[in-house]
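Notes for the one structure printed next.
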Amino acid sequence: MRGRKRKRKTWIPAGNCGNDRLIEMKKKSAYTVAVVGATGAVGTEMLSVLEERKFPVDEVRPLASSKSAGGTVSFRSGDVTVKLLTRESFQGIDIALFSAGASVSKKYAPVAVKAGAVVIDNSSAWRMDPQVPLVVPEVNAHDLETHQGIVANPNCSTIQMVVVLKPLHKQATITRVVVSTYQSVSGTGKEAMDELAEQCRQLLSFGDVKPNVYPHQIAFNCLPHIDDFLPSGYTGEEMKMVNETRKILGDHSIGISATTVRVPVFVGHAESVNVETKQKLSVEETRAILSTAPGVQLYDDPSRKLYPLQVHAAGTDAVFVGRIREDDSIPNGLNLWVVADNLRKGAALNAVQIAEALTR
């Protein structure tokens, strides 16, 4: 144990601990916030969420690559010029929201931390680093107390699932989860959304489609392939759900199997989640637990054909759950249908909620 405590990552600035930063941040009434990747789908959503939730921003600093620098983004009914991301971009920054990919985060997050900022990173770069808390505020906000400059935002599909799993795990101890996802193209980015729109136009005009972003046609089709395939046959996205869920819930004994699928939906991820617990939960008990769970909206009335839909979740903040029923094939099993806006709760909203928790 002593050896593990002495081991430190090179990005951690000497003498700059998370508690000191928390104390200093809580003394402020307003903050200078950088948004890295400000012109992307998640970056623009981050700016919108900051404004909608009235986060105390003194100054916002949109940052992007040379491709987008010099343009403008909207914030508080005005246009703010996007600046080029450089190693000097973080001077005077209190909070840096990153959503520009893992390679950018690996390169610039340590620079931002060294400059005095707290980084909330939306990429996969730091999620499984044992020294970096992986946080969904409704689930494990207490892990923020251990941060050392960087806080990781989980994968979008993981976030919505753990918001629902946490209260069930607390009540009945989850032993196994089998999840199949139906993920929208916005999870890939703006180019994927444009490709879906263009392919729909081409096919409805009886034309041919030529895939670019995805390896196969996405319009009117489903692709059981998100991220790269691993030697095990699973994809990177599937293993993110497995490993991140265990880390967030703080329980590595949970058996988890995931199949992730890209579907021709613009915004919103849906998940079919099968849960096995130590203690039996009835449908009524499950509904009662989830009806008061933070961040969860119960939407479950089969008699009226009410269940969560991606088109209804888009643009909203809640994680919706419905189609709750017992799995009759095992003694203590439940089936759930979970839907959320992947750009908001799955990314931008969760990042801003982390910032709110850090500054409270």
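Would you mind working out the accessible area per residue for the chain, using a 1.4 Å probe, and quoting it in Å²?
That works out to 46 Å² per residue.
In this rough spin-label picture, where each label sits 7 Å from Cα along the Cβ direction, the SER253-ASP227 distance is 2.6 nm. Entry note, the stretch 193-240: relative contact order of 24 percent, from Cα contacts under 8 Å with a spacing of 6+ residues. Backbone amide hydrogens, once placed in the peptide plane, bring TYR31 within less than 5 Å of VAL57, ASP58, GLU59, excluding anything fewer than 5 places away on its chain.
When you restrict to C-alpha pairs under 8 Å that are six or more residues apart and normalise by the size of the chain, the relative contact order lands at 18 percent. For a straight C-alpha distance cut-off of 23 angstrom, no lysines are reachable from LYS305 once same-chain residues fewer than eight places away are disregarded. Counting only protein chain heavy atoms and rolling a 1.4 Å probe, the accessible areas of ASP143, ASP328 rank, largest first, as ASP328, ASP143. Here the chain exposes an accessible surface that is 50 percent carbon and sulfur, computed with a 1.4 Å probe and the other protein chains kept in place. Of all beta bridges that DSSP places with both ends in the stretch 168-288, some 55 percent have antiparallel geometry.
If you put +1 on each Lys and Arg Cβ and -1 on each Asp and Glu Cβ, how big is the dipole of the chain around its Cα centre, in Debye rounded to 20? Using only the charged Cβ atoms, the result is roughly 1300 debye.
What separates the Cα centres of the stretch 320-360 and the stretch 69-98 is a distance of 31 Å. Averaging the sequence gap over all C-alpha pairs within less than 8 Å and six or more residues apart, then dividing by the number of residues, gives the stretch 39-176 a relative contact order of 15 percent.
Rounded to the nearest 0.05, what FRET efficiency do GLU284 and SER329 have when you use their Cβ-Cβ distance and R0 = 22 Å? It comes out at approximately 0.65.
How many percent of all Cα-Cα pairs in the stretch 56-108 sit more than 12 Å apart?
68
Amide H contacts for ARG262 (H built 1.01 Å from N in the peptide plane; partners 5 or more residues away or on another chain; cut-off under 5 Å): GLN183, LEU223, HIS225. Note on the stretch 130-186: along the principal axes its Cα atoms extend 34, 34, 18 Å, ordered by decreasing extent. Between amide H atoms placed 1.01 Å from N, distances below 5 Å from GLY71 occur with VAL82, all of them 5 or more places distant or on a separate chain. Count neighbours as other Cβ atoms within 10 Å of each site's Cβ, and list the GluC sites (Glu not before Pro) in the stretch 73-159 that are DSSP loop with at most 12 such neighbours. The qualifying sites are GLU88. Shape analysis of the stretch 275-338 yields a ratio of the Cα radius of gyration to the Kirkwood radius, Rg/Rh, of 0.99. In straight-distance terms, cross-link reach from LYS83 covers every one of the lysines whose alpha-carbon lies under 19 Å from its own, apart from those fewer than eight places away in the same chain; here that gives LYS67, LYS107. Rg and Dmax over the alpha-carbon atoms of the chain stand at 20.7, 67 Å.
The values are calculated or read from the model by the stated rules, or taken from the named source; none is laboratory data. The structure presented is a predicted model; accordingly, all values stated were derived computationally and were not measured. Neighbour counts run over all protein chains shown; Cβ positions are idealised from the backbone, glycine included. Note: areas computed on protein heavy atoms with side chains; ligands, DNA, RNA excluded. Shrake-Rupley method; radii C 1.70, N 1.55, O 1.52, S 1.80 Å.
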